[in-house]
1. Scan around Ser88 for amide H atoms under 5 Å from its own, H built in the peptide plane at 1.01 Å from N, and keep only partners 5 or more places away or cross-chain.
2. Would you grab the residues whose amide H sits under 5 Å from the one on Val103? Only those 5+ places off in sequence or on another chain, please, with H modelled 1.01 Å from N.
3. Can you put Asp125, Asp19, Asp114 in order, fewest other beta carbons within 10 Å first?
4. Per residue of the range 101-111, what does 6.51 cos²θ - 1.76 cosθ + 1.60 with θ = phi - 60° give for ³J(HN,Hα)? Whole Hz please, x for Gly and Pro, Karplus curve as stated.
5. Along the positive direction of the dipole of the chain (beta-carbon charges: Lys, Arg +1; Asp, Glu -1; about the Cα centre), which of Leu102, Ala38, Ala82 reaches farthest?
6. With angles folded into 0 to 90 degrees, how steeply does helix 28-46 sit against the dominant principal axis of the chain? Use alpha carbons for both and round to 10.
7. For the range 61-72, what does the Karplus curve 6.51 cos²θ - 1.76 cosθ + 1.60, with θ = phi - 60°, yield as ³J(HN,Hα) per residue in whole Hz, taken in order and with x for Gly and Pro?
8. Would you work out the charge dipole size for the chain about its Cα centre, treating the Cβ of every Lys and Arg as +1 and the Cβ of every Asp and Glu as -1, and quote it to the nearest 20 debye?
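What follows draws every value from the coordinates through simple rules; no lab data is involved. In this text, all values refer to a predicted model and were calculated from it rather than measured experimentally. Reconstructed Cβ throughout: ideal geometry from the backbone, glycine too, with neighbour counts over all protein chains shown.
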Amino acid sequence: MTIKATPTFRHPITISPIDIDEMGHVNNAVYLQWVQEAVVRYWQHASPIEAQGRLLWVALKHEITYRVPLFLNDKVEALVTATGTRGSRASFATMFRRGDDLVTEVRSSWCCVDATTRRPRRIADDIARVFLPG
């Protein structure tokens, strides 16, 4: 079953000096940390506390398109949108914006995992609605 909608979760990003590489901009690997943080925060913000205790999320795939570099003093925001669910998988689009500029976009696939067994768990309709209401 695939459910589609477009609620967006806004997550501010703070760029630290450790995020900057020898070229003077945010290192590409840092974006993966930011995606992980933003999607998990989205889950924590939107889901019931009891669901947070029994379900975990594991990243399966990230596809990243870098458009322009980010620098130490830039103000950045991650906008996370759930784009669908199927079985134990959920897909998300995470857009990193500096003001009106889209600097990086990430399409990712995540697996819902039972917190006790650590095995994939089908995403129930009530959980899908946490991300994809409507």
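1. It is Ile123, by chain and number.
2. Correct list: Phe96, Arg97, Arg98.
3. Numbers: Asp125 11, Asp19 19, Asp114 14.
Ascending number of Cβ neighbours within 10 Å: Asp125, Asp114, Asp19.
4. Using θ = phi - 60°, the values come out as 8, 7, 9, 8, 10, 10, 9, 9, 10, 10, 10 Hz.
5. Ala82
6. 40 degrees
7. Going residue by residue, I get 7, 10, 10, 10, 10, 8, 9, 9, x, 10, 10, 3 Hz, with x marking Gly and Pro.
8. Dipole of the chain, to the nearest 20 debye: 660 debye.
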